[in-house]
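Read the structure below first, then the notes.
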Amino acid sequence: MPLVACGRPEATGVPCGLVVDTTSFFANTNVRDKIQSYVPRYLDGCATVGFGVVTGVSGATDCRHPLLRLNPTSADNPGDNPKTAEGIRAARRRAAVAVLWQLAQCAQKEKRTRTGSDILGALDLIARDSSEYGRLSKILIISDMIENSPRLNLYKADIRTRGERDRIIRRLQEDRVLPELKGTKISILGFGLLATKDPSRLIELRELWDEVFTASGTTGATYL
């Protein structure tokens, strides 16, 4: 479905998503600083933004927010003034930053979904919640990417070889728990922070996530 405003098409932009990890990663790093320093720049060129939080059971969280439109409509800017339009976009990007932080704080208080770290569930939820407006063009994930859920425990999983990683991917596919992210570009902020001091394990974790994202249909991942 095209992104249009009331009365005239919206300005050029793509559908974007923001996902923040509110599990042990939140307790051990300055998530608020990461949100405030990186998200506004990331949203340049976005027409809409969806939101997701990583909890122990991400699909069960009540900490959700409707998609935000970042471009002004003809009613917002009836004179079609470029400076007014950019001012509105900047204000809405700031609003998106505030929403993401509010969702993170909400999830911190949500005791029933606290145990574990369900990154795959958060990605699946944001993709489904945003699907009415078209596939997400890009998603920023603020997380160390240590999945710890019944479907995949990366604190314990053997991922040392390509064969072991392939078996994990096949199982996730068979269980239908891989998110549908065809054509989406993934960016990850915080990968591996405090997860392990073993550099070889970090390499294996990155290789596994690269394979997960490939199997999910993404155009690849950037580790910031």
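Values quoted throughout were computed directly from the atomic coordinates according to the rules given, and no laboratory measurement underlies them. Computed from a prediction, not measured in an experiment: that's the story for all the values here. Cβ placement follows ideal geometry from the backbone for every residue including glycine, while neighbour counts extend to all protein chains displayed.
Annotations
- Rg and Dmax of the range 173-224, both derived from C-alpha coordinates alone, stand at 12.0, 33 Å.
- Per residue, the Cα convex hull of the chain amounts to 113 Å³.
- Average projection area in nm² (convex hull over Cα atoms of the range 99-224, one quarter of hull surface): 8.2 nm²
- Computed label-point distance, nm, for sites ALA85 and VAL14 using a 7 Å Cα→Cβ extension: 2.0 nm
- Note on ALA60 and VAL99: the extension gain reaches 12.2 nm, defined as 0.36 nm multiplied by sequence separation minus the Cα-Cα distance.
- Percentage relative contact order, the range 49-111, counting C-alpha pairs under 8 Å, at least six apart: 40 percent
- In a fully extended conformation the segment linking LEU193 and VAL177 would gain 3.3 nm over its present Cα-Cα distance, using 0.36 nm per residue.
- Cα Rg over Rh - the range 143-208, Kirkwood: 0.95
- Its relative contact order, with pairs defined as Cα atoms under 8 Å and 6+ residues apart, puts the chain at 23 percent.
- Only Lys, Arg (+1) and Asp, Glu (-1) charged, at Cβ; the range 14-223 dipole about Cα centre in debye: 240 debye
- Cβ crowding within 10 Å averaged over residues, with 183-191, 44-52 ranked highest first: 44-52, 183-191
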